Amino acid sequence: MLVELSFDKEEPKDFVIDLPEDYRPATSPYKAVSVVDDPDGEYKHGDVIVLPTHVIREIELVDNTFHLVERNHIMAAVRA
């Protein structure tokens, strides 16, 4: 299933902070993402699903980056 990390948009910052080389920002164990394509048709484009962050696979092909997840890792669908 192809998803978009649309909730991760960050505003550009006009300042620089020096951090140790081994610094890693804290990450949430779960992420809400937008569905781009679902081959099985259970979710439509724009649906929001929640899944563990460690199962998101980033694939780079030519000049494009795709984020893929396996269906069995979906924890919840967010309905308005």
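Values quoted throughout were computed directly from the atomic coordinates according to the rules given, and no laboratory measurement underlies them. The structure displayed is predicted, hence computed values, not measured ones. Cβ coordinates were reconstructed from backbone atoms using ideal geometry, including for glycine residues, and neighbour counts include every protein chain displayed.
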Exercise for the section: Rank 60, 42, 21 by mean-square fluctuation in a GNM of the chain with C-alpha springs under 10 angstrom and give only the top-ranked residue. Expected result: 21
Completion exercise
Ordered by number, the trypsin sites (Lys or Arg not before Pro) in the stretch 9-80 that occupy a DSSP loop and have at most 15 other Cβ atoms within 10 Å are 9, 13, 44, 79
Practice task
Answer with a single label: of [x] 14.4; [y] 19.8; [z] 12.9, which was calculated as Kirkwood radius over Cα pairs in Å from the structure in view?
Solution key: [x]
Handout entry: Residue-count net charge about residue 55 - beta-carbon cut-off 15 Å; Lys, Arg +1, Asp, Glu -1
Key = +1
Handout entry: Residues whose placed amide H lies under 5 Å from that of residue 47, excluding near-sequence neighbours
Key = 35
